């Protein structure tokens, strides 16, 4: 799913920063030494951990990167947005294992700020959940041989189907998901393929450039993996689903 992925970004190289998450969430210190090598530690630790990471820049001064926490039990991976224009960060913190299946990934969303020399983070403003994508349908071309249609059907779920070799659409699946608005035209979208392959994926969608970048994390036949995701989008329609949702919706 990375045939059309973005180029790796060197935006973080040479930077030192802390991401601090709200409501008693974690604080992690980072040093980005090279384009694919970083050091991190939990605030208060004296020992730094070495990790391989990859980063993309889906919009100006907006970075999406991910890395595993090597040696963690249960196995853990963080997929982190750094919004340098606004001093904000959002993170999908993923761990292998759920109350339903041992190889299914569980996750949580956490929001916070970037602390870095020369950057003033806001006190009260954060990225936030949104329903602005709900009702849209997009086709995503991951490679010459793989195109999928996403239907963002409700505020908490979406459906997708993959085009077959003859151009027809195959079976449609649905999964729980979350949508987070990062800024105008940029959204963090993540989903969990429950009782399927147990994978968790998180991507940043830029609806102005019609591109996505992100990562997939989970356990497969070859063991634990963190893989890149990247695709080109086209509009595939819209239906005003939101009018049926919430206390003002007709379905309430």
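Any read-out appearing in this document is the output of simple, stated calculations on the displayed coordinates, not a laboratory observation. Everything numeric in this text was worked out from a predicted model, so none of it was measured. Counting neighbours? That spans all protein chains shown, and the Cβs are built from the backbone with ideal geometry, glycine included.
So the values come out like this:
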| read-out | value |
| --- | --- |
| Length-normalised contact order for the range 129-244 - Cα pairs under 8 Å, 6+ apart - percent | 25 percent |
| Residue exposure sequence - 199, 49 - by fewest surrounding Cβ within 10 Å | 49, 199 |
| Per residue, the convex hull volume that the Cα atoms of the range 169-239 enclose (Å³) | 126 Å³ |
| Burial ordering of 213, 177, fewest other beta-carbon atoms within 10 Å first | 177, 213 |
| Residues 156, 69 arranged by fewest to most Cβ contacts within 10 Å | 156, 69 |
| Beta bridge orientation in the range 129-244: antiparallel %, DSSP, nearest 5 | 100 percent |
| FRET efficiency, residue 99 to residue 162 (Cβ-Cβ, R0 30 Å, nearest 0.05) | 0.55 |
| Binned Cα-Cα distances of the range 1-145, short to long, each 5 Å bin given as a whole percent | 2, 8, 15, 21, 20, 17, 11, 5, 1, 0 |
| Gyration tensor (alpha-carbon) shape descriptor, the range 71-164, a/c threshold 1.5 | oblate |
| Length-normalised contact order of the chain in % [C-alpha pairs under 8 Å, at least 6 apart] | 17 percent |
| Diffusion coefficient, µm² s⁻¹, Stokes-Einstein with Kirkwood Rh over alpha-carbon pairs of the range 106-252 at 25 °C and 0.890 mPa s | 145 µm²/s |
| Using a Förster distance of 25 Å, the FRET efficiency for residue 121-residue 34 (Cβ separation, nearest 0.05) | 0.45 |
| Shape parameters for the range 38-109, alpha-carbon atoms, Rg then Dmax in Å | 13.8, 40 |
| For the range 111-188: rounded, prolate or oblate by the Cα gyration tensor [a/c cutoff 1.5] | prolate |
| Whole-number percent relative contact order across the range 16-127, with pairs defined as alpha carbons under 8 Å at least 6 apart | 21 percent |
